[in-house]
Amino acid sequence: MTATLIHGIRSLVTNEPALARDPSAPDAPLGLVADAALVIEGEHVVWAGPAADAPAADTAYDVEGRAVLPGFVDSHSHLVYAGDRTQEFNARMSGRPYTAGGIRTTVAATRAASDDELAATLARHLAEALRQGTTTLETKSGYGLTVDQEARAVRIAAGLTDEVTYLGAHIVAPEHDGDPAAYVAEVTGPMLDACAPYARWIDVFCEQGAFDGDQARAILTAGQARGLLPRVHANQLSYGPGVRLAVELGAASADHCTHLTDADVDALGQGDTVATLLPGCEFSTRAVYPDARRLLDAGATVALSTDCNPGSSFTSSVPFCVAIAVREMGMTPDEAVWAATAGGARALRRTDVGRLGPGAYADLAVLDAPSHVHLAYRPGVPLVTEVWRRGVRAV
């Protein structure tokens, strides 16, 4: 197998503290290496460290003094959809508050779309995210809300990405208005049967206007019984039981975490559930940002993701979310970059992405900048100049 040496790296983020060789931050979790190199074979990294110590390789590639970091791991998106919600966004920016009801607009459009249209939209967004450095992306169903529609959503998603989430419990389907119990029975019965073969995860929107704590528990435990791993839309619009339910059930992540009690923060700090923060959503809805500093100081693991969806966060840019997290949520640049790479990997329970050490996939983003700090220092600037995915230069 051919080995490729990637050299000329001014600053390398490995997310492997044992590899750190940067005098300015020798013990940081980013595992920074100054004047670094990588060796890749096939799809994987086989060596990382100072360029002066690099082993021989068959070919070489020079990034000419740029910073390199792991490809971003976007662990929360909703990209199997059709339609447009520009008017809703415009109205919201004119003073109307966001509620979960806008999802129904997308449900109607998605049901009317063909399989090819849905697949093309998902592929377009995956390509858009890849150009911005995202090499691993999770996406959900949730805009079909019938057995057949949800099954085709997860089937289409599984054809294009490895991380697929069954979110039949996004809102109560219009057909079951006034009878949420009947819809929960469908979500945990025939719909789950149809979707489980295509999904890795099960999710629920545990929120006022969607599903309460008891309903969410029934949905998640039914998914667990079918071998799906839980994650939870938790505490986005109000205080509620979502975060503590996620921790209790051993969910990989509690996503949003905008409105947290001290008990919620303590639970996340003491458990293994990742707090996935989605600042694009707060930006797009003019809502209060989650307090990342509070979570980090409590010992919680924090991830950053885009929540890319056509209603409340229509961005696929992880660098944009990094910049917001630093400016508005109390995170340092190092913490935000870790959360967008290793943190996202933790939220997906992956050890093969989100880092650039031996054995990891050779997924990397090359910045037209000397340091990862520029992602927050130069917000809005398209700094990702190259992307490698599984050892192939894709962008």
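Plainly put, region 263-386 has a radius of gyration that is 0.96 times its Kirkwood radius, both from alpha-carbon atoms, as the Rg/Rh ratio. Taking amide H as placed 1.01 Å from N in the peptide plane, the amide H of V395 sits under 5 Å from that of V387, each at least 5 places away or on another chain.
For A158 and R131 in the same chain, what is the full-extension length gain: residue separation times 0.36 nm, less their Cα-Cα distance, in nm?
Working: separation 27, 0.36 × 27 = 9.72 nm, distance 2.07 nm.
Between A158 and R131, full extension yields 7.6 nm more.
For the pair A91 and D352, the difference between a 0.36 nm per residue extended length and the Cα-Cα distance amounts to 89.7 nm.
For region 171-310, divide the Cα radius of gyration by the Kirkwood radius and give the resulting Rg/Rh value with two decimals.
0.97
Once you sort the root eigenvalues of the Cα gyration tensor of region 77-156 as a ≥ b ≥ c, which label holds: rounded (a/c under 1.5), prolate (a/b larger than b/c) or oblate (the other case)? Oblate is the answer for region 77-156, as a/c is 1.5 or above yet b/c matches or exceeds a/b.
Over all other residues within a Cβ to Cβ distance under 15 Å of E163, the charged ones net out to +1, with Lys and Arg as +1 and Asp and Glu as -1. Label separation (S238 vs R378): 4.5 nm, computed from points 7 Å beyond Cα along the C-beta direction. Backbone N atoms of region 321-364 closer than 12 Å to the 7 Å Cα→Cβ label point of E43 belong to residues 352-353, 360-363.
Mind running the shape call on region 331-377? Use the C-alpha gyration tensor, a ≥ b ≥ c as the square roots of the eigenvalues: rounded below 1.5 for a/c, prolate if a/b tops b/c, oblate otherwise. Taking the square roots of the gyration eigenvalues as a ≥ b ≥ c, region 331-377 is oblate. Taking all Cα pairs closer than 8 Å and separated by 6 or more residues, the relative contact order of the chain comes to 19 percent. The distance linking region 335-394 with region 173-190 is 40 Å (Cα centroid to Cα centroid, whole angstrom).
Only the Cβ atoms of Lys and Arg (+1) and of Asp and Glu (-1) were treated as charged; on that basis the dipole of the chain about its Cα centre amounts to roughly 420 debye.
Oblate is the label for region 93-206. Its Cα gyration tensor axes, ordered a ≥ b ≥ c, give a/c of at least 1.5 and b/c at or above a/b. For the pair D84 and E328, label points projected 7 Å from Cα toward Cβ lie 2.5 nm apart.
Considering only the chain, what is the antiparallel percent among its DSSP beta bridges, to the nearest 5?
Just about 45 percent of them are antiparallel.
The stretch between R293 and D266 holds 8.4 nm of extra length on full extension. This uses 0.36 nm per residue minus the Cα-Cα distance. Bridges between two residues of region 1-92, per DSSP, are antiparallel at a rate of about 60%. When nucleic acids and ligands are ignored and a 1.4 Å probe is applied, R390 ends up with an accessible area of around 50 Å². Coordinate range of the alpha-carbon atoms in region 54-121 per principal axis, descending: 58, 34, 18 Å. Fraction of C-alpha pairs exceeding 18 angstrom in region 1-122: 66 percent, rounded to a whole number.
The values are calculated or read from the model by the stated rules, or taken from the named source; none is laboratory data. From a predicted model like this one, the values you see are computed outputs, not experimental measurements. Quick reminder, even Gly has a Cβ in these numbers, built from the backbone with ideal geometry, and neighbours come from all protein chains shown. Each accessible area value is taken on the protein alone, full model and side chains, heavy atoms only, with ligands, DNA and RNA left out. Shrake-Rupley method; radii C 1.70, N 1.55, O 1.52, S 1.80 Å.
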